[in-house]
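Asker: Below is a structure I'd like to ask you about.
Every read-out reported here was derived from the displayed coordinates using simple, explicitly stated rules and does not represent laboratory data. Computed from a predicted structure; not experimentally measured. Cβ sites come from the backbone with ideal geometry, for glycine too, and all protein chains shown count toward neighbours.
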Amino acid sequence: MSFVSIIISIIILGILIIVHEFGHFIVAKKNGIFVKEFSIGFGPRIVSHTCKSGMLFSWKAIPFGGSCRMLGQFEDEDAGTDDERSYESKSVWARMSVTLAGPVFNFLLAFVLSVIVIGTMGYDPPVITSVLEDSPVYEAGIREGDLITKFDGETISFGKEIYLHNYLHPLESSDPIEITYLRDGEKSTVLVTPAEFEYYSVGLSYYANEEEAEIAEVAEGSPMMNAGLKAGDIITALNGTPVRTGSDLERYFAEHPLAGEDLEVEYQRHGGDFQAFVHPEKSTAYRVGFTYNTANVKATAGEILKYSFAELKYEITTVFKSLGILFSPQGSLDMLSGPVGIVEVVGSTYDASVSAGFLITLMNLLGIMIMLSANLGVLNLLPIPALDGGKFILLVIEAIIRKPVPKKVEGIVTMIGAGLLFLLMIVVLVNDVLKLF
């Protein structure tokens, strides 16, 4: 974990927090609510400044989190206030808009950054790149060059969406799946019956692109994990053959299919060079018989907006899908990451990109910001006390019963929620630190 990655992470999180709190601030101001303090971070104040409006701007010691404290928002601080600028003096609908503004601004930031990234780097159209002869998709009529628009019931805009779907819902039976595709502007829908086959695997996921061959994920209990490799490692050679990019890695496996012999893997981790021998394991699985594009192509002006909305949708739905897995029997604490985990991801992304130049590095870091901003927006909308979603639920109850939820009840619920969130943060922080070793 380098000093550079820590600084970049603080800057990224600082921007996300400022945008979130600015959403609350600007909508509060539009509704005539006085903001007492706008702060970045929490803990003791390091720097503070009182603006002409009377609002206190603070930069606090711990650079994670923030707040937008409004007049009358906390009974113990503003007891007895009847100021028309207070939060409580406004209608329930005005307070709802203020509460939702933070997450909405995070979604807006994710969309704006998507416009920048897609406008600069393009997008990955879900085009079929190869079809195995006599495979289920070949027999169904799908051919190389077809554009997938729906896969197994899900609308598809990017190649990475097919990857995500296959990762979350691997084929485990011969139950037919529905695939919709475009060819020469004509849409077709076919049912494809997956075929069973035997294969050797090492439990490795990666991106077949022109960047360093970084491991995206290592399957739990797989030969790769047993050999000591993990996500973020950069493969530099296989059986003595140099590997410089993800495309090289894909090409190697295409030309040298895995069998029962050990695979010699040379890789880098945190700048150090390592070597491991991985013994592939024989497995049985189902497949439909095609590969798809994961490389970017340039987007037209109209496509930039279209696919920026699609990117935002992809990031938001990914958060919900991840939460679904987290609370399922397959979920685990390792799926969660806090500040340390974020610094680790930023650091590995920076290290893997910096050799490709400033533009590639910047775009990859903006990609992380898109993901984190969407995550922050969704997580804050969860109906958990102390989060915006929890506050919104209390306001909905107030709108229904036509009177405020008693402050004592609201305070107790918020305190319990904040305590549980703080405990979760501590557990995630400790787990993130342990994963470094």
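Asker: Can you give the charge dipole size of the chain about its Cα centre, rounded to the nearest 20 debye, using +1 on the beta carbon of Lys and Arg and -1 on the beta carbon of Asp and Glu?
Answerer: Using Cβ point charges on Lys, Arg, Asp and Glu, the chain gives about 2380 debye.
Asker: Along the charge dipole of the chain, which of S188, I360, H24 sits closest to the positive end, that is, farthest toward it, with unit charges on the beta carbon of Lys, Arg, Asp and Glu (+1, +1, -1, -1)?
Answerer: H24
Asker: Return Y199, Y138 ranked ascending by Cβ neighbour count within 10 Å, so the fewest neighbours appear first.
Answerer: Y199, Y138
Asker: With label points built 7 Å along Cα→Cβ from the Cα atoms of E220 and S355, find their separation and express it in nm.
Answerer: 3.3
Asker: Just to confirm a number: summing +1 for Lys and Arg and -1 for Asp and Glu over residues other than G260 whose beta-carbon lies under 12 angstrom from that of G260, what do you get?
Answerer: Charge balance near G260 sits at -3.
Asker: What does the charge add up to near L382, with Lys and Arg as +1, Asp and Glu as -1, over the other residues with Cβ less than 13 Å from its Cβ?
Answerer: Net charge around L382: 0.
Asker: Of L100, L56, L108, which has the largest mean-square fluctuation in a 10 Å C-alpha GNM of the chain?
Answerer: Result: L56 has the largest fluctuation of those listed.
Asker: Expressed as a rounded percentage, what relative contact order does the range 203-279 have, with Cα pairs under 8 Å and six or more residues apart?
Answerer: In percent, rounded to a whole number, it is 29.
Asker: Express the relative contact order of the chain as a whole percentage, based on alpha carbon pairs under 8 Å and six or more residues apart in sequence.
Answerer: Worked out over the chain, it gives 17 percent.
Asker: Further question: Given the C-alpha centroids of the range 102-116 and the range 278-346, what is the distance between them in whole angstrom?
Answerer: Taking the Cα centre of each part, the range 102-116 and the range 278-346 sit 19 Å apart.
Asker: Report, in order of residue number, the helices in the chain meeting two criteria: a C-alpha extent of 30 Å or more along the helix axis, and a mean Kyte-Doolittle hydropathy of at least -1.0; treat each whole DSSP H run as one helix.
Answerer: For the chain, where a helix must reach 30 Å along its axis and average at least -1.0, the hits are 3-30, 92-121, 301-326, 358-381, 407-435.
Asker: Mind telling me which of E186, E178, E84 comes out most flexible in a GNM of the chain, alpha-carbon contacts under 10 Å?
Answerer: E186
Asker: Using 1/(1 + (r/R0)^6) with R0 = 30 angstrom and r between the beta carbons of A259 and D175, what's the FRET efficiency to the nearest 0.05?
Answerer: 0.50
Asker: At q = 0.14, 0.19, 0.20 Å⁻¹, what log₁₀ I(q)/I(0) does the range 169-276 have when each alpha carbon counts as one equal point scatterer in the Debye sum?
Answerer: Scattering profile of the range 169-276, log10 relative to I(0): -0.69, -0.99, -1.05.
Asker: Can you list residues from other chains, or at least 5 along the same chain, whose modelled amide H is less than 5 Å from the amide H of G65?
Answerer: G41
Asker: In the neighborhood of S373, defined by Cβ-to-Cβ distances under 15 Å, what is the net charge if each Lys or Arg adds +1 and each Asp or Glu adds -1?
Answerer: -3
Asker: What value in Å³ per residue do you get for the convex hull of the alpha-carbon atoms in the range 1-156?
Answerer: Given the Cα convex hull of the range 1-156, per-residue volume reads 212 Å³.
Asker: While we're here: Which of S173, F253, L429 sits farthest toward the positive end of the charge dipole of the chain, with +1 on the Cβ of Lys and Arg and -1 on the Cβ of Asp and Glu?
Answerer: Checked the options; the winner is L429.
Asker: Positive end of the dipole of the chain, charges at C-beta (+1 Lys, Arg; -1 Asp, Glu), about the Cα centre: which of P242, Y207, G302 has its Cα farthest in that direction?
Answerer: Result: G302, furthest along the dipole toward the positive end.
Asker: Sticking with this one: What percent does the relative contact order of the range 1-148 come to when contacts are Cα pairs within less than 8 Å and at least six residues apart?
Answerer: Worked out over the range 1-148, it gives 21 percent.
Asker: Now for a separate question. Quote the charge dipole size of the range 165-308 about the Cα centre in Debye, to the nearest 20; the model charges only the Cβ of Lys and Arg (+1) and of Asp and Glu (-1).
Answerer: 420
Asker: To the nearest 20 debye, what is the magnitude of the charge dipole of the range 1-122 about its Cα centre, counting +1 on the Cβ of each Lys and Arg and -1 on the Cβ of each Asp and Glu?
Answerer: 440
Asker: Follow-up question, since we're still on this one. For the range 149-172 and the range 398-420, compute the distance between their C-alpha centroids and round to whole Å.
Answerer: When both Cα centres are located, 41 Å separates them.
Asker: Go through the range 262-363 and name the chymotrypsin sites (Phe, Trp or Tyr not before Pro) that are in a DSSP coil and have 14 or fewer other Cβ atoms within 10 Å of their Cβ.
Answerer: Listed in order of number, the matching sites are F327.
Asker: Given a Förster distance of 30 Å, report the FRET efficiency between R402 and L379 from their Cβ-Cβ distance, rounded to the nearest 0.05.
Answerer: Computed FRET efficiency for R402 and L379: 0.50.
Asker: In a Debye calculation with equal point scatterers on the alpha-carbon sites of the chain and no solvent, what is log10 I(q)/I(0) at q = 0.07, 0.09 Å⁻¹?
Answerer: These q points yield log10 I(q)/I(0) values of -0.43, -0.70.
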